Amino acid sequence: MGAVLGLCSMASWIPCLLCRCCPSGNNSTVTRLIYAFFMLLGVGIACIMLMPGMEEHLKKIPGFCHVNCDVLVGYKAVYRVCFGMAMFFLLFSLIMVKVKSSQDPRASVHNGFWFFKFAAATAITVGAFFIPEGPFTTVWFYIGMAGAFCFILIQLVLLIDFAHSWNESWVEKMDEGNSRCWYAALLSATTINYALSLISLVLFYVYYTHSDGCTENKVFISINMLLCVGASVLSVLPKIQESQPRSGLLQSSIVTLYTMYLTWSAMTNEPDRRCNPSLLGIIGLNSTTPAGQDRVVQWWDAQGIVGLILFLMCVLYSSIRNSSNSQVNKLTLTSDESALIEDGPAPENFEVGDGTNRAIDNEKDGVTYSYSFFHFMLFLASLYIMMTLTNWYSPDANYQTMTSKWPSVWVKITSSWICISLYVWTLVAPLVLTNRDFD
């Protein structure tokens, strides 16, 4: 708790420092970076709650933990920290509904008053530690699963947008000159993605299946392998290429690799430990554990770290993206008119105070992104990081141990199927809906 309260004193100068570090930046970009900083600060605090030795400090909070605190106290603390972040961003998502330009009084709240917003977020988070246990943890677990599921789909859209931007950038450079070099680079990146996916597939069959069991894992791996092969073949068909010149194997390779990650993530939550070996068990570092003994809760496992890295990439990418990215514009509900706002700064738009240039207000004629949806995305991100840091575990009925449950497995594997379906739909939609413009 001291760490949470101590960070509040930083609020008065950190946002100002961020603004001064990029004086020529647009207001829309600087604001999103500061909110991303808020999010990352909350993630840092949640990680601290899981550090060894923190349970002794958390036990001192009146009424916070009564049963098996050594196992559950870090889990509960992460839930409280992420609850505070989620409620903060959900509140702002509701407040910012239908903000059209920076002339709206609510826009000044969105783009300023950083000390008060930081203080409010801190107060909500600290207050969450005093919520009576009751059904809170169980209810918040299922809300977290639903929110994390939605954020996984958002991650896919951001990854596809990144792949499209990456592909277009290198294709343009191929047209400008030295085409062989850029073609080789594009081919190498695609090959590496598919090679990693193939290696993952082999490792899944070796370590997460057995000849006499693990039927669910065999089905999950096989179905996702066939779906990825089908999506890849579909992306290079002549009719798809004709209607979707931007489609290609680079995007398919990234979707395939992401699907392999989701498949692995789902299998790491399977309750049957025979079909869900730990990474240390795979490399032979904990082979001495008795067969009947429950595995010790390990918050920092491999799939959690990969999930955290993906989360950081997506939040930062959604914060610094250029408003010309059409896929993300559709995701963030940006209007066509707003997307056409010139990103380049005009000299007369600089605000000068105390001899220092501040961020440029580039949203006087219209916002460049949906304020409400941006906050809602961070709300979902808070739930996703909560589930990732706790490995999607939940306590058993007696609150004695932390266990994986089948609902977590099905949420993740279903999200992988929906992700592939969404990607396939982006390929075939122009052929099905011929009266729509998909440019």
Quick P(r) readout (segment 44-186; Cα-Cα; 10 Å bins; whole %) gives 9, 25, 24, 19, 15, 7, 2
With every protein chain in place, what's the accessible area of V233 (1.4 Å probe, Å², nearest 10)?
80 Å²
Just to be sure I understand: if I project the alpha-carbon convex hull of segment 133-230 onto a plane and average over all orientations, what area do I get in nm²?
9.9 nm²
Roll a 1.4 Å probe over the protein chains and send me the accessible area per residue for segment 189-243 in Å².
55 Å²
Of the listed peptides 129-141, 264-276, what is their order by residue-averaged count of other C-beta atoms within 10 Å, with the highest listed first?
264-276, 129-141
For segment 91-139, I need the span (max minus min coordinate) of the C-alpha atoms along each principal axis, in Å, sorted largest to smallest.
44, 23, 10
Packing rank of 174-181, 81-88, 256-263, 95-102, where each peptide gets the mean count of other beta carbons within 10 Å, highest leading
81-88, 256-263, 95-102, 174-181
Violating pairs (Cα-Cα greater than 29 angstrom) within the set K98/K405; K173/K412; K76/K412; K76/K100:
K98/K405; K173/K412; K76/K100
Can you list, largest first and rounded to whole Å, the semi-axes you get for segment 156-289 by taking the square root of 5 times each eigenvalue of its Cα gyration tensor?
36, 16, 11
With every protein chain in place, segment 110-250: carbon and sulfur % of accessible area (1.4 Å):
72 percent
Specify whether the C-alpha gyration tensor of segment 157-203 places it in the rounded, prolate or oblate class, a ≥ b ≥ c being the square roots of the eigenvalues: rounded for a/c under 1.5, otherwise prolate if a/b is larger than b/c and oblate if not.
oblate
Label-point separation, L226 to E242 (7 Å along Cα→Cβ), nm
2.9 nm
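The values are calculated or read from the model by the stated rules, or taken from the named source; none is laboratory data. All values reported here derive from a predicted model rather than from experimental measurement. Every residue, glycine among them, receives a Cβ derived from its backbone with ideal geometry; neighbour counts consider all protein chains shown. Only protein heavy atoms, including side chains, enter the accessible area calculation; ligands, DNA and RNA are left aside. Shrake-Rupley method; radii C 1.70, N 1.55, O 1.52, S 1.80 Å.
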